[in-house]
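Q: Below you will find the structure I want to go over with you.
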């Protein structure tokens, strides 16, 4: 009964958080009690409006921060009921059944800062705000036009994907048109009784409507083709997000036909930026939450300072005199889905790995994608990657290798994935492989490959200046996918 009471209290706190973020918290300013609703109809001059609005934002952050501290302590008690030292360990093992540990994730955090951040900063330097705005104008489509743009890619990918896409359209298993009353989100819901699924998405009115729909179709395709019965399937998020993010990257090859060579490259860079952002923000919020749950005595102001320090490690910049950042409360995952966010990072890295295989050997990559889609999401992340022949991102050499490949690709170098998968051609292809290797050796002997331009890790986030700050977020911390989005990262797709 005591344990059940803790779970009920957890649910109540999450609902309280939703109310705080939706309606705000009242605040007293110069003797008047203000709410967000009252402010909108008050007719104040600009100075007074800014003062009240700032006070309301600060109070919202304070109230949410206090609630989070209570939530951390309650969840610590829940973990202790299950004989865990802290809730972070409990969430990793019991909630998400991960086959990697907090220690593995901590090593991944450091590798992401060292190898992934410089590449994201490079993309920011090489893509202008003007180009992104022009791409946004070119990519405005209604829902059916979005599907028309995606369909040639789906039809050419594989017969199974072609049939699935046609089935989805024939039975209108989607709601992706604009609607003033629609929740600003995107997800895919399984319909197990029908052996199918349904896509919901609220469009932005720019290129993201393409990438979001491709993303959700990746989930739709997996749900449609997974071989395990829904009654006893589980859901490993790290595996489930590979299908969607890898398909986003593969679709970038279609962008040149849609937008021309120049803006096709801009589209590719935008998608790549968001994939790398999934890695970096996934690690940032995981490191932040792990620290919070391993030190449950921390006060809200301690958490604000910690978040600011960690954000700087991941490349965010602040104005002079700023020593804390309370905007972490805006990320609902911190409250609703604790320790979830690292799954965006792991899956994005495996998606990159699969994309590189696709760029080098597309037929083989398609086979891997189809095999991965047929696997049950009950299989843990590392086991699933091993099953289909993807690299283990927790091996110390994998992240540096992925970063080197991406850096070379952005320099215009062809992608070479390396060894073929077992069973992907075997002895039948051996004579051709040997002949190719001999030819390559001769070419390299005759012509020295040009050296790659050196990249440094001292780039600063001042390159973010051309981009707009996220809506409803303080401008001190340029954020995540914000150059191309006014929304927070959309919540996870649902089963």
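Q: So for 404, 222, fewest C-beta neighbours within 10 Å to most, what's the order?
A: Numbers: 404 13, 222 25.
Fewest-to-most ranking of 404, 222: 404, 222.
Q: Now for a different question. Expressed as a whole percent, how much of the Cα-Cα distance distribution for the stretch 139-192 exceeds 19 Å? Numbers along the way, then the final one.
A: Details: 521 of 1431 pairs.
Of all Cα-Cα distances in the stretch 139-192, 36 percent exceed 19 Å.
Q: Something else about it: By count of other Cβ within 10 Å, fewest leading, how are 147, 183, 280, 44 ordered? Walk me through the intermediate numbers first.
A: Values: 147 19, 183 10, 280 24, 44 13.
In order of increasing Cβ crowding within 10 Å: 183, 44, 147, 280.
Q: How long are the semi-axes of the ellipsoid equivalent to the stretch 84-143, from square roots of 5 times the Cα gyration tensor eigenvalues, in whole Å, largest first?
A: Over the Cα atoms of the stretch 84-143, the ellipsoid semi-axes are 39, 19, 8 Å.
Q: While we're here: Compute the distance in nm between two label points, each set 7 Å from the Cα along the Cα-to-Cβ direction, one at residue 22 and one at residue 297.
A: Result: 3.7 nm between the two label points.
Q: Hey, got the Cα dimensions of the stretch 190-309 along the principal axes, in Å, largest first?
A: Computed over the stretch 190-309, the largest-to-smallest principal extents equal 52, 46, 22 Å.
Q: To make sure I understand, if each residue's beta carbon is the centre and we count other beta carbons within 10 Å, what order do 307, 224 fall in, fewest to most? Write down the numbers at each step before the final one.
A: Working: 307 26, 224 21.
Ranked by crowding around the Cβ, least crowded first: 224, 307.
Q: Semi-axes, largest first, in whole Å: what does sqrt of 5 times each Cα gyration tensor eigenvalue give for the stretch 358-412?
A: 23, 16, 7
Q: Compare the peptides 367-376, 172-181, 253-262, 283-292 by average per-residue count of other Cβ atoms within 10 angstrom and give them in order, highest first.
A: Numbers: 367-376: 19.0, 172-181: 12.6, 253-262: 16.1, 283-292: 23.9.
Final packing ranking: 283-292, 367-376, 253-262, 172-181.
Q: Between the stretch 58-129 and the stretch 148-177, how many Å separate their Cα centres?
A: 35
Q: Starting from the Kirkwood radius over alpha-carbon pairs of the stretch 265-375, derive D by Stokes-Einstein at 4 °C in a medium of 1.567 mPa s and give it in µm² s⁻¹. Walk me through the numbers on the way to the answer.
A: Values: Rh = 16.1 Å.
Translational D for this selection: 80 µm²/s.
Q: Specify the inter-centroid distance of the stretch 322-383 and the stretch 11-45, based on alpha-carbon positions, in whole Å.
A: Comparing the Cα centres of the stretch 322-383 and the stretch 11-45, I get a distance of 36 Å.
Q: Moving on. What's the percent breakdown of Cα-Cα distances in the stretch 1-83 across 5 Å bins, shortest bin first?
A: Bin by bin from 0 Å, the calculated values are 3, 14, 21, 17, 12, 10, 9, 6, 5, 3, 1, 0.
No value in this document is a laboratory result; all are computed from the given coordinates. Everything quoted here is computed from the prediction, not taken from an experiment. A quick note on method: Cβ atoms are made from the backbone with ideal geometry, for glycine too, and the neighbour counts reach across all protein chains shown.
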